[in-house]
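Chemist: Handing you a structure now.
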Amino acid sequence: MMEPLLLIGGAFVRLYLMHNDFFKNLCDGTIFSTPVSSWKRVTEGSYLMGQDISPYEGDMVHEPPLTLLLYNLLLQNFAGIVPAFFILVDLLTAHILKRTADKFVQKQERPAVRSGAAPPSSPSPVPLIVAAVYLFNPCTAVSCAALSTAGLHQLPLALVFYAAVTERWWVCLCSLSVSCYLDLYPVVLLAPLLAAVGAAGRSRLLAALLAAGCWAGLLLLSAHALGDWSFLRSTYGFILWTWDLSPNVGLFWYFFTEMFQHFESLFIATFQINAFIYAVPLTLRFRGQPVLVMFALLVLMVTFKSYPSVAEAGLYLALLPLWRPLAPHARYGFVVTCFYASVMVLAPVMWTLWIHAGSANANFFFAVTLAYNAAQIFLVTDLLFAQLKRDHVLTHGSAKEVEGKPAKLVLC
Amino acid sequence: MGLLTSPTAGGSSKKFANILIKWEPVVSPLLYIAGIIWFLALAYHPYNAGTYFSENALLPGLVTNEFSDGSELARLLKALEAEAADHPDTVPHPWIRAQFRQLGLQVYPHNFTLRYPLGNGSVFHGENTYAVLRAPRSGSTEALVLSAPYRRPGAPHPPNHAAVAMLVALAKYFRRQVYWAKDIVFLVTEHEQLGVAAWLSAYHQQPVGHGLLDAGDLPGRAGSIQAAINLEVESATVSHVDVLVEGLNGQLPNLDLVKMAHWICHQEHIQHTTQGRADHPRPHSEAGYRHSLQTLLHMMASQAAGTPTGNHGHYLRSVAPVEGNHGHYLRYGIQAVTLRALDDRSMPGPRSGLSHLARVLEGMFRSLNNLLERFHQSFFFYLMPATGRYISIGLYMPPFALVAIGIVLRALTCWLRLPDTDDSEGRQQEAEGAESDGKKGGNACDRPSEPCVLPCVLAPHALGAVTLAGLVPLTQLLAAAGWPTERAVFAGLLTVSVGSLLLPAITSRRSALSESGRLLLRCVTLIELGLLVFTAALFNISLALIVTTLYTPVALSARYYSSAPARLLASLCLLLVHPFTLQLAAVALGAPALAWRAVLAADQRALAVALVDSLVYGARLLDVACTVLLPLWLQMWTLVHCG
């Protein structure tokens, strides 16, 4: 009953934001749309296609070919329903996230209920919270109002989580390849997924081949549709080499604006490696919890990718309530919450002061993005540490005493 | 990633928490007092800094200013005054345009229309005239603006004919010079701020005022505007020049420009003031300190109002209101000041003539002409306790942080004092939902027995948003019943303010707050308040400091008291800092006499003006007061009254 209400509410919020001058002005900022997800660039690409010019010839369009074709189709034939399309995509993502949470909570509760340790409780509110956070999070709502194509990128990612929780590996790997095709970075999720596939008794090699094949198929299809492979440079090349240093909420732009050309490739490699390097160690350390590892990797990916936008943060923030059982072991809940709240207020403020009023400068906005990324790192380390502590408590009991003195769990 | 049990680290965080909980109630008030003392001390000469030129390209005063055509100026003024007397109901645009055209300048008209949104809704038309002097030494890529508002006889403001005459005389002089590297735009506006706002909106093709202000398009343009000087000259003899700096929403022009204005006045031996106050001869003395403190407080009062007027003009209706038209340039990133030349009998010292003032303007424009890039050095965030002194953001932020830090510390202790139950995550979610403007709501009440804090946070915010959105329809509705707009706005806000006092009764009937629920509500309220004041400090330090100084004590003491007298006292303190009361107090402070009828009338007018400012110009004071400050106040009111 509650879910349709939430969905309608979410749709209304987005419609309202689309028609509000204040937010329209806010949206021209790159907080909500980066070069890879900006709607303006998509319309440019669509126009170029209409003129029989390859959209990837210039340095304007970085949208993958298949989605560009889809948007082109929309713009040519049903330009009026584009906002409705983005709203529908967001609602669908919210619905999938809610279903994911449903299954996840059921799975968590089942052993306890079965063993009689806990009475079958009333339905958990967590799934509704998940949907509500996704729908009413200002990050996702304003991004949707800005027609950021990052909204569409979240859909296959949400599907990956859903399929992973429900153990539909086939769907899971296919949507992962779609997600990789759109954005490249989600490939890190392959590590925990392969581990989970192995744990479920299926062949890892087959799964990897399936994902790779699906991805290759999408690339071939794109090349076939366009007639050449020039899009690779404008999409993946653009993401990996980070040519556009216009400001966003990520870590790249400020650093590389200051960087001497000579060292650029070394530091690009160093920065990019962060988005990928944690996949294997985390998978090995948290063997039994593929969803937790996927979540942690998602946060790290959003932190370390070259063109992050807050729309991507919306996805993991929505999934955060799934880790409620870890909350008693988390230490920095208050700090992280305050960080997120202040960043959410200060980022548009600093942007306005810098770009519109001209009173502040780039350092003001950069300071906020640093705080934002620090908050993300705090969140993910705190969460993983909480999981370790919870495991410890489950096996050793909650008394923490060494030789009669109170002790504390520390990382080593 | 492994785990160790460390016996040495045992309970250290708890120890820290206990120390904080024990000492915070003592430390916060001490820091608050220390912050205020520190801030007040900043007005003392040795504790602030002297203004200096950071932008070397300005090269101020390296040339001798040569304007000497005083007789021409007098002739023009006389002619304009005669023209104005002949046409008391219109602006003598034909005369002004003819003068500029004779000089060979490109002259254009600009028409604009305002659909007044309140009450019955009437339509105002206006017309500006502007003339462009093309730079002989470069393409039209950059421009400077010299503007003056034209005031009809009988307007509430003193006539400004001398400034318009000065524009023409300067245009004639500038026309003969060869060194201009930037276009110079001479702009004569109508309807005070509205004319400037409309012209800038049309110049930049950037709509303002939610579609209420139809600025149209301009027939001709100059380059990108680098700086602007707005001129107001009240009489033909000048005792001193007041430099007005405060812009819309408390934005300030670059300190280099302000310094330049003062410096060139100083060079030309014209007395110059800030906030209408000259410097004290002995700034190190106690009297000197008191003098600069008063200047500082004057500046803070006018900056806090957030409207581009010096000396909080809206409220001081007995003396002529000061309209700082420069304030609208700032929002387009154009650095601008208003020079207001007046003949004040109480001001000692020699009087200067108009040609003297013209030489000041000549000097300023020749300086600005040297600019190689936009103003970007020096300070954009500062306070001025004297004409040549400034307190930069680095100096005023630490004392401000001390005043406000109590809010954050108390929020932290409230959080630490929350009982350690299993659902701190739920709380975190809740807090998150509340702070991001209640948008992420819908996740309280994890268990039926859990207290519901969310309604106590969401209801006031919703009320605030509805109030703001409902004001315009309300005036239209009441206008049909014959109510004037001013009274309608006042009545609407008063009804909401009084009616919302019953909010705790309604929300607490639905769900009584437990001890931990109240702590959580305090925590959320304090965090939101902290966010508000620290954010406001970035835009408008004066407003932020005033609000913080008033709200920190009540926010720290806002909780449920079991004894009735204490509760009554807390309620009284809260009522004293209600946004509505504060507005009334600000008006009463500015009013010349404390006759309650006059104050009430002034307050009604001020509220209506604030609403128009918000709708047409984009001043955000009323918006923030309705959607953030009022809800926060209501949350504190709930805290005091929810047993």
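Chemist: What per residue convex hull volume, in Å³, comes out for chain B when only alpha-carbon positions are used? All intermediate terms of the calculation are to be shown ahead of the outcome.
Modeler: Working: hull volume 128.7 nm³, N = 643.
Given the Cα convex hull of chain B, per-residue volume reads 200 Å³.
Chemist: Still on this structure, please answer the following. Give me the inter-chain shielding for A:135-146: mean count of other chain Cβ atoms within 10 Å, whole number please. If you can, show how the numbers build up before the last one.
Modeler: Numbers: counts 3, 9, 5, 4, 3, 1, 2, 1, 0, 0, 0, 0.
Mean partner-chain Cβ count within 10 Å for A:135-146: 2.
Chemist: Counting only GluC sites (Glu not before Pro) that are in a DSSP loop and have at most 16 other C-beta atoms within 10 Å, tell me the longest site-free stretch of chain B.
Modeler: On the way: sites that count: B:GLU66, B:GLU373.
It works out to B:67-372.
Chemist: Placing unit charges on C-beta atoms (Lys and Arg positive, Asp and Glu negative, everything else neutral), compute the dipole magnitude of segment B:67-375 about its Cα centre in debye, rounded to 20.
Modeler: 460
Chemist: According to the Cα gyration tensor, what semi-axes, each the square root of 5 times an eigenvalue, does the equivalent ellipsoid of chain A have, listed from largest to smallest in whole Å? Walk me through the numbers before you get to the answer.
Modeler: Working: eigenvalues 246, 126, 108 Å².
Working through the eigenvalues yields semi-axes of 35, 25, 23 Å.
Chemist: Can I ask one more? A 31 angstrom limit on the alpha carbon distance is what I want to check against. Which of A:LYS98/B:LYS15; A:LYS40/A:LYS305; A:LYS103/A:LYS408; A:LYS98/A:LYS305; A:LYS305/A:LYS408; B:LYS172/B:LYS259 exceed it? Could the numbers behind the result be given before it?
Modeler: On the way: A:LYS98/B:LYS15 41 Å; A:LYS40/A:LYS305 21 Å; A:LYS103/A:LYS408 34 Å; A:LYS98/A:LYS305 26 Å; A:LYS305/A:LYS408 35 Å; B:LYS172/B:LYS259 27 Å.
With Cα atoms farther than 31 Å apart: A:LYS98/B:LYS15; A:LYS103/A:LYS408; A:LYS305/A:LYS408.
Chemist: Loop-only chymotrypsin sites (Phe, Trp or Tyr not before Pro) in segment B:176-227, please: DSSP not H, G, I, E or B, and at most 14 other Cβ atoms within 10 Å. Could the numbers behind the result be given before it?
Modeler: Working: sites: B:TYR179, B:TRP180, B:PHE186, B:TRP199, B:TYR203; in loops: B:TYR179, B:TRP180.
Qualifying residues, ordered by number: B:TYR179.
Chemist: When the helices in chain A are scored as -39500 (n - 2.57) per DSSP H run of 4 or longer and the sum is shared across all residues, what 222 nm value do you end up with, to the nearest 500 deg cm²/dmol? Walk me through the numbers before you get to the answer.
Modeler: On the way: 19 runs with 277 residues, N = 412.
Counting only the DSSP helices, I get -22000 deg cm²/dmol.
Chemist: While we're looking at this one, here's another question. Filter the chymotrypsin sites (Phe, Trp or Tyr not before Pro) in segment A:4-82 down to the DSSP loop ones having no more than 14 other Cβ atoms within 10 Å, then list what survives.
Modeler: Numbers: sites: A:PHE12, A:TYR16, A:PHE22, A:PHE23, A:PHE32, A:TRP39, A:TYR47, A:TYR56, A:TYR71, A:PHE78; in loops: A:PHE32, A:TYR56, A:PHE78.
Filter output for segment A:4-82: A:PHE78.
Chemist: What chymotrypsin sites (Phe, Trp or Tyr not before Pro) does segment B:38-145 have in DSSP loop regions with at most 14 other beta carbons within 10 Å?
Modeler: Numbers: sites: B:TRP38, B:PHE39, B:TYR44, B:TYR47, B:TYR52, B:PHE53, B:PHE67, B:TRP95, B:PHE100, B:PHE112, B:PHE124, B:TYR130; in loops: B:TYR44, B:TYR52, B:PHE53, B:PHE67.
For chymotrypsin sites (Phe, Trp or Tyr not before Pro) across segment B:38-145 that sit outside H, G, I, E and B with at most 14 neighbouring Cβ atoms in 10 Å, the list reads B:TYR52.
Chemist: How big is the protein assembly as shown on each of its three principal axes, counting only the C-alpha atoms and giving the largest first in Å?
Modeler: Here the spans come out as 101, 81, 60 Å, largest first.
Chemist: How far apart, in nm, are two points set 7 Å out from the Cα along the Cα-to-Cβ line at B:ALA98 and at B:ALA287?
Modeler: 5.4
Chemist: Place the peptides B:17-29, A:271-283 in order of packing, highest mean first, counting for every residue the other Cβ atoms within 10 Å and averaging per peptide.
Modeler: Values: B:17-29: 13.8, A:271-283: 17.2.
With the highest mean Cβ count within 10 Å placed first, the list reads A:271-283, B:17-29.
Chemist: Sorted from fewest to most neighbouring beta carbons within 10 Å, what does the list A:ILE268, A:ILE377 look like? It would help to have the intermediate numbers written out before the result.
Modeler: Numbers: A:ILE268 18, A:ILE377 14.
Fewest-to-most Cβ neighbours within 10 Å comes out as A:ILE377, A:ILE268.
Chemist: Considering Cα pairs under 8 angstrom that are at least six residues apart, work out the relative contact order of chain B and quote it in whole percent.
Modeler: Working: 1134 pairs, mean separation 112.7, N = 643.
It comes to 18 percent, rounded to a whole number.
Chemist: How high is the relative contact order of segment B:67-375, in percent, counting Cα pairs under 8 Å that sit 6 or more residues apart?
Modeler: Relative contact order comes out at 21 percent.
Chemist: Averaged over peptide A:326-332, how many Cβ atoms belonging to another chain are found within 10 Å of each residue's Cβ?
Modeler: Working: counts 1, 9, 6, 1, 3, 1, 1.
The per-residue average across the peptide is 3.
Chemist: Rounded to the nearest 5, what % of the DSSP beta bridges within chain B are antiparallel ones?
Modeler: 55
Chemist: For peptide A:335-343, what's the mean number of Cβ atoms from other chains within 10 Å of each residue's Cβ? The partial results should precede the final answer.
Modeler: Values: counts 2, 2, 9, 10, 0, 5, 12, 6, 0.
Mean partner shielding for this stretch: 5.
Chemist: Next question. Rg/Rh for segment B:316-418: what does it come to with C-alpha atoms and Rh from Kirkwood? Walk me through the intermediate numbers first.
Modeler: On the way: Rg = 21.4 Å, Rh = 18.8 Å.
Answer for segment B:316-418: 1.14.
Chemist: Tell me what chain B gives for mean residue ellipticity at 222 nm when only DSSP H runs of n ≥ 4 count, each as -39,500 (n - 2.57), the sum divided by the residue total, rounded to 500 deg cm²/dmol.
Modeler: Working: 21 runs with 323 residues, N = 643.
One gets -16500 deg cm²/dmol as the mean residue ellipticity at 222 nm.
Chemist: Please pull out the direction-averaged projected area of segment B:67-375, using the convex hull of its alpha-carbon atoms, in nm² to one decimal place. Don't skip to the end; give the middle numbers.
Modeler: Values: hull surface 64.1 nm².
Result: 16.0 nm².
Chemist: Starting with the fewest neighbours, write out B:SER497, A:SER143 ranked by other beta-carbon atoms found within 10 Å of each beta-carbon.
Modeler: Numbers: B:SER497 18, A:SER143 30.
Starting with the residue having the fewest Cβ neighbours, the order is B:SER497, A:SER143.
Chemist: While we're on this one: Restricting to the protein assembly as shown, compute how many DSSP beta bridges are antiparallel as a %, nearest 5. Each step should come with its number before you reach the end.
Modeler: Numbers: 35 of 57 bridges.
That works out to approximately 60 percent antiparallel.
Rule-based calculations on the coordinates, nothing more; no lab input. Treat the numbers as computed from the prediction; the structure is a model and nothing was measured. When we count neighbours, we look across all protein chains shown, and the Cβ atoms used for this are built from the backbone with ideal geometry, even at glycine.
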